[in-house]
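Here is the structure we will look at, set down as structure tokens.
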Amino acid sequence: MEKIMDEINVSTEKKSFSLIISCLFFLSALLFNPSIYFAPHRPWPMLFASCGALSFLAAGLIFLSPARVAELFSRMKKWVLAAFILFFLISFGQCFFIAGYSLECMGSNLIFLLVPLFICVYKKEAEKVFPYFLLVLWGWGLFLMVLARAIRSINYWRSGVSGNSNWSAAILAVATPFVVLLFYDYLRKKGISKRVTIFLCCIPALMGTGYFLYCRSAACLLAVLAASVFLFFCFLSAKWRKIFFLIGLICTIAGVLLFLRFGVDRLAGRMAYDERTVLWEGTINMIADHPLFGVGGQSFENAFVPYKPLDLFLKKHVAPRTGHPHNQILYMLASFGFAGWFCYLILHFYPLLFTAVRLWKKEEDLSILPYFFGAAVLTLHAQLDVVSVNWPTNIMELSLLGFLWHRTLFAESRGKSCIKQGKIFCKTSMVCGGILLLLACSMVCRSTYASCGVQALMTKKFTPQASRERVRNILKVYPEGYTQNYALLSFSRMILNDPLLTLEITDVMQKMHTPEYGNIHLFRGDAYSLLKKYDEAFSEYKKEARNWPLAVVPVCKMLVLAQMQKDSNAIFSLQQLLAKIMEAKNINKRMLEYILYKEPSLDLRPWLVPRKYGGQEGFGQPIQSE
């Protein structure tokens, strides 16, 4: 009897420990940027628990349960294991063959494997914690939207916790079913009757649905409708499926006819403004040049620079950064090549399709519905807006995928694991887990130090010399910090006006995995101009003009330098180039002066120049005549 009680106590301790591990991971996932919680009116644009750090954290926590890991890999289907290993080798290998890749990049590459695997290892515990993770995102996102609306922050009120209305819509769509189920279980445990409970559950359901529609995300709405229609058909009998299929077919034909009559012009106008098709064209060209292993999981933005089609710079939404092509399949093809993409199909789409087939045949347990619905919505949404590479929707999608992995990618338990679990194996696993956890803690500490350091520079007063020392220390501690480096660059240019420090910062940035940072050559050119190194400045402006072929600012700055050096040939060619750009983008002289001297950021979007400065104050509006 005492032995049985000891075993029960040990089992309980292990379960409690596993629950703590699950809580630790999802808590860390929520701390991507803690300032959204303590400064919601103006969150810091900084990074704390990055995707790379979360990836190493997941790996370390996985190794802390050697028995579960051994049992899981012994049950993994052989062809799935082959895909897992191949994708791991491609992701891991890119860090050694692509210049500037750091541990941060390695972790960000491997997150596609490690987060779902973590969920598989701690599946029972994760099932308890994951709904609360979604509850925090759902509740705080709604609070931020209401707050921003209350203070009339028109530009940001739809952004929510993610900072983007499309991603916020995805959070609401996926989290609302979990929140409703969580609320339902809570009320039932309190002894409230079923009818009253169902009525009260309508409150969070209506709140989530209302704000989801208010986000106005067409891509997410299409994904929700598609997933909902499929699940609706799954619950129908064969007879009703045929009836509704015929009704759907008739409605589709009628909708197509109505669209051909009334909607073609509107769609053509929308496609003329939208950048997605142009991005897809450039991405396909890039894939054709890097077909086997891709350009690198963290190198899309840098590698895509020479592949940007010229039409992209005439679209409505021209961003200074292009980190993805608004299509997950193309993104994975470009990043990991056909070899990695094939593994991705097995690891991502197979669990979804397998679960969908079982739901259609009514062989699957209904408890999987919210997980399948969430994963399907995010996967479909990702084909029009890559939500799986941005926080927090990436953690949501990979976690949901992990729950599907547990049901689909593993064979039935064989009793004993084929992997020997001796003392050496367990100790080695624990040591590896400890090392990975230390790496994750180191990454979080370095990122936090850099973020807090930048915030201190922006909000406190330091002497110029002390500020320079702080900037250099931050660069030494966390040189790969994309967001922090941009903030330091802005501080050096705008506050200190120190061209030498600006060049130091950009030198560090160019040694990282994205040497072609947006506008980095423009900033370097300005720094060289202040130092009166005009040849170097001209060279940097030329690189900027190459990266942004329809930008007027670098051309105008090259023209000024050519005039200073009295280079008549360069002056003539640059004047012709400037005239062509102004004609292509409908920029008049007053607009050009406004862009050059007041708002250089509108170089990419000259149609936003106010009317009183000769602009059109909106895409597609007529330009004010001079």
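The values are calculated or read from the model by the stated rules, or taken from the named source; none is laboratory data. In this text, all values refer to a predicted model and were calculated from it rather than measured experimentally. Positions of Cβ are generated from backbone atoms using ideal geometry, with glycine treated the same way; all protein chains shown enter the neighbour counts. Accessible surface areas use protein heavy atoms only, side chains included; no ligands, DNA or RNA. Shrake-Rupley method; radii C 1.70, N 1.55, O 1.52, S 1.80 Å.
Assorted remarks:
- Tallying residues that are of a type in the set (D, E, K, R) and assigned to a helix (DSSP H, G or I) within region 216-239 yields 1.
- Qualifying residue in region 517-529 (condition: polar (S, T, N, Q) and open to solvent by less than 10 Å² (accessible area, probe 1.4 Å)): no
- Helices (runs of 4 or more DSSP H) fully within region 1-63 that include at least 2 residues being open to solvent by 30 Å² or more (accessible area, probe 1.4 Å) and modelled with pLDDT under 80: 2-30, 35-38.
- Residues in region 81-115 that are in a helix (DSSP H, G or I) and small (Gly, Ala, Ser): 6 in all.
- ASN473 vs. criteria buried (at least 22 other Cβ atoms within 10 Å of the Cβ) and closer than 23 Å to LEU103 by Cα: no
- Some residue of region 116-139 being out of contact with any strand residue (DSSP E or B) (no Cβ under 7 Å at 6 or more places or on another chain), open to solvent by less than 10 Å² (accessible area, probe 1.4 Å), of a type outside the set (Asp, Glu) and assigned to a loop (DSSP other than H, G, I, E, B): yes
- Every pair of residues 6+ apart whose Cβ atoms lie under 9 Å, when the first sits in region 134-155 and is farther than 24 Å from PRO370 by Cβ while the second is modelled with pLDDT under 80 and of a type in the set (Asp, Glu): none
- Scan of region 52-101 for residues that are in contact (Cβ under 8 Å) with a residue 60 or more places away in the chain, over 18 Å from PHE112 (Cα atoms) and under 27 Å from the mean Cα position of the chain (by Cα), ordered by number: ILE98, ALA99, GLY100
Each row is one residue, and each column tells you yes or no for (1) closer than 26 Å to ILE171 by Cα; (2) modelled with pLDDT of 95 or more; (3) surrounded by fewer than 22 Cβ atoms within 10 Å (Cβ to Cβ).
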site	(1), (2), (3)
ALA382	yes, no, no
THR408	yes, no, yes
ALA411	no, no, yes
ARG414	no, no, yes
LYS420	no, no, yes
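- Of the residues making up region 64-76, those that are farther than 12 Å from GLY433 by Cβ and either out of contact with any Ser or Thr (no Cβ under 9 Å at 6 or more places or on another chain) or open to solvent by less than 20 Å² (accessible area, probe 1.4 Å) (or both) number 4.
- Test result for LEU436, crowded, with 20+ Cβ neighbours inside 10 Å and touching a Lys or Arg at 6+ places or on another chain (Cβ under 9 Å): no
- Residue within region 196-208 that is under 27 Å from GLN383 (Cβ atoms) and surrounded by 12 or more Cβ atoms within 10 Å (Cβ to Cβ) present: yes
- Within region 496-519, being touching a Ser or Thr at 6+ places or on another chain (Cβ under 9 Å) and closer than 19 Å to PRO306 by Cα holds for MET512, HIS513, THR514, TYR517, GLY518.
- So ASP507, is it among the acidic types (Asp, Glu), within 30 Å of GLN298 (Cβ to Cβ) and open to solvent by 60 Å² or more (accessible area, probe 1.4 Å): yes
- Cβ pairs under 6 Å, 6+ apart, first in region 500-521 and more than 21 Å from VAL555 (Cβ to Cβ), second of a type in the set (Lys, Arg): LEU501/ARG468; THR502/ARG493
- Meets criteria (open to solvent by less than 60 Å² (accessible area, probe 1.4 Å), assigned to a helix (DSSP H, G or I) and in contact with an Asp or Glu (Cβ under 9 Å, 6 or more places away or on another chain)) for VAL180: no
- Subset of region 503-541 that is touching a Lys or Arg at 6+ places or on another chain (Cβ under 6 Å) and not in a loop (DSSP other than H, G, I, E, B) - its residue that is nearest to ILE474 (Cα to Cα): THR506
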